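To start, the structure under review is shown below, and the notes come after it.
The values are calculated or read from the model by the stated rules, or taken from the named source; none is laboratory data. The shown structure was predicted, so the numbers you read here are calculated from the model rather than taken from an experiment. Neighbour counts are summed over all protein chains in view; Cβ atoms, including those assigned to glycine, are modelled from backbone coordinates with ideal geometry. Surface areas here come from the heavy atoms of the whole protein model, side chains and all, with no ligands, DNA or RNA. Shrake-Rupley method; radii C 1.70, N 1.55, O 1.52, S 1.80 Å.
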Amino acid sequence: MDTFDDIRPYQDDEVGPAIARLCNDRAFIAFAGRFAAPGVPTRLRALAYPVLRVLIRRKALRLRSVEDLQKLMSGYLKALLQQTSDGMTVSGLDGLDPNSSYLFISNHRDIALDPTLLNYAIWLRGHATTQVAIGDNLLGTGFLSHLMRVNKAFLVARGVSGAKAQFKAMRQTSAYMRKTLEAGESVWIAQREGRSKDGMDRTEPALLKMLQLAYRNDARAVTDWLRRVRLVPVSITYEIDPCAPSKARELYFTAKDGRYSKQPGDDIESIEAGMRGFKGRIHLHFSPPIAGDFRDADELARHLDGEIVSNLVAYPTHSYARARLCGSAADLTDTSPRGRQAFFDDLNACPLEHTPYFLRQYANLVENQLAVQPR
């Protein structure tokens, strides 16, 4: 078995068979059905599962590569953005060479959408799509990890017990990413483990140290490592976060009980909410590759925070939430009627005790930008 067989994405000749196998997974068919017919009652939709299974299997038989799959999915994604957003804008990408590979690192707000939209944005501009780092905790949702691995995702070990096992897992991840980058493929990874649920986007220095493990014999200094990987910070902003109510619930119980126990199905619910919920305006900003001298991972992390946070977009929803928390009179203006409706629907769906946590997610984008400004 290859060193990375247990974590790598599925290869071209595995795509069709993998999707064909997914067709035998009732949970996957139900998941696909909720996207294919979102307004149809569950009982009626279930009657169409056999037909949907046949349709997906037929499409799978025509797929010969990962690129075939991504071309097919690009049409669905375009339609999804038209239905669930007020459009996506992109800046900074013209400064990147489509023929070079990059290590993209971004803030993390949505499990699936963040890397999906990044890949869609660069694909539209003639870049090859990236390989995507996802936590293997998604294996708990069954079909989801296979669905993501067929779409260029590789697995990152989460929750490994024991220092020795943790170090081994980190070395494997780092070695795989180095191999991928040196083969000419780009990689995306989030700046931290898990989504930023409170709206404070911060890079984990431990993540940067992990990324450097595979280079420590020939690139000991952080600056030497940066010359090899072409590290590109990416800032992803959503005017509306469809997952904000569930994040507020998690933040509330964490503050109240000291912890939040994730329930079975939480991840898949978050993915569906993020994909199907209204997102308002979306903006992606690509900064130039990081250059300069950095003493260590902590200093590099602070620099990344400045790049990522300063290039987020403070939409009216963020300013409105900050004003509400400060006790100031506020009105949500300069937002589309659909965006305004979605924001207040989400806010009103929160129990009263969850409301401050809901608002803080939005307000903290502005607070975060003030915190990273040079003094």
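Return the only residue of A330, A342, A323 being of a type in the set (A, V, I, L, M) and either under 30 Å from M210 (Cβ atoms) or part of a loop (DSSP other than H, G, I, E, B) (or both). Outline the logic, then answer.
Numbers: A342 fails: either under 30 Å from M210 (Cβ atoms) or part of a loop (DSSP other than H, G, I, E, B) (or both); A323 fails: either under 30 Å from M210 (Cβ atoms) or part of a loop (DSSP other than H, G, I, E, B) (or both).
Step by step, each of A330, A342, A323 is checked, and only A330 is of a type in the set (A, V, I, L, M) and either under 30 Å from M210 (Cβ atoms) or part of a loop (DSSP other than H, G, I, E, B) (or both).
Counting the residues of the stretch 23-59 that are under 19 Å from G75 (Cβ atoms) and either under 27 Å from the mean Cα position of the chain (by Cα) or β-branched (V, I, T) (or both) gives 10. Among the residues of the stretch 160-179, those identified as buried (at least 19 other Cβ atoms within 10 Å of the Cβ) and closer than 27 Å to Y120 by Cβ are T173, Y176, M177, R178. Just the residues that are small (G, A, S) and under 16 Å from L347 (Cβ atoms), please, taken from the stretch 304-333. If the condition is that a residue be small (G, A, S) and under 16 Å from L347 (Cβ atoms), then S319, A321, A323, A330 are the ones that fit.
Conditions tested, residue by residue: (1) open to solvent by 50 Å² or more (accessible area, probe 1.4 Å); (2) under 21 Å from E250 (Cα atoms); (3) touching a helix residue (DSSP H, G or I) at 6+ places or on another chain (Cβ under 9 Å); (4) modelled with pLDDT of 95 or more.
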position	(1), (2), (3), (4)
P316	no, no, yes, yes
R322	yes, yes, yes, yes
S328	yes, no, yes, no
D334	yes, no, yes, no
G339	no, no, yes, yes
L347	no, yes, yes, yes
F358	no, yes, yes, yes
L365	no, yes, yes, yes
P374	yes, no, yes, no
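Filtered by the rule that a residue be touching a residue at least 40 places away in the same chain (Cβ under 8 Å), within 22 Å of G87 (Cβ to Cβ) and of a type outside the set (S, T, N, Q), the stretch 123-136 gives W123, H127.
Let's see how each residue does on (1) of a type in the set (A, V, I, L, M); (2) under 27 Å from Y260 (Cα atoms); (3) in a helix (DSSP H, G or I); (4) open to solvent by 70 Å² or more (accessible area, probe 1.4 Å):
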{"position": "R158", "(1), (2), (3), (4)": "no, yes, no, yes"}
{"position": "G194", "(1), (2), (3), (4)": "no, yes, no, no"}
{"position": "L207", "(1), (2), (3), (4)": "yes, yes, yes, no"}
{"position": "T223", "(1), (2), (3), (4)": "no, no, yes, no"}
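Yes/no matrix, rows are residues, columns are (1) in contact with a Pro (Cβ under 6 Å, 6 or more places away or on another chain); (2) under 30 Å from A32 (Cβ atoms); (3) open to solvent by less than 30 Å² (accessible area, probe 1.4 Å); (4) modelled with pLDDT of 95 or more:
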position	(1), (2), (3), (4)
I240	no, yes, yes, yes
K247	no, yes, yes, yes
H285	no, no, no, yes
A291	no, no, no, no
D305	no, no, yes, yes
V313	no, no, no, yes
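Is there any pair linking a residue in the stretch 160-179 that is within 13 Å of D136 (Cβ to Cβ) and free of Cβ contacts under 8 Å to residues at least 60 places away in the same chain to one that is open to solvent by 80 Å² or more (accessible area, probe 1.4 Å) and part of a helix (DSSP H, G or I), with Cβ under 6 Å and at least six apart or on different chains, and which? Cβ pairs passing all conditions: V160/Q166.
Restricted to the stretch 11-57, the set of helices (runs of 4 or more DSSP H) holding at least 3 residues that are modelled with pLDDT under 85 and in contact with a helix residue (DSSP H, G or I) (Cβ under 7 Å, 6 or more places away or on another chain) comprises 26-36. In the stretch 34-80, the qualifying residues are those that are open to solvent by 70 Å² or more (accessible area, probe 1.4 Å) and basic (K, R), and the one that is nearest to I271 (Cα to Cα) is K78.
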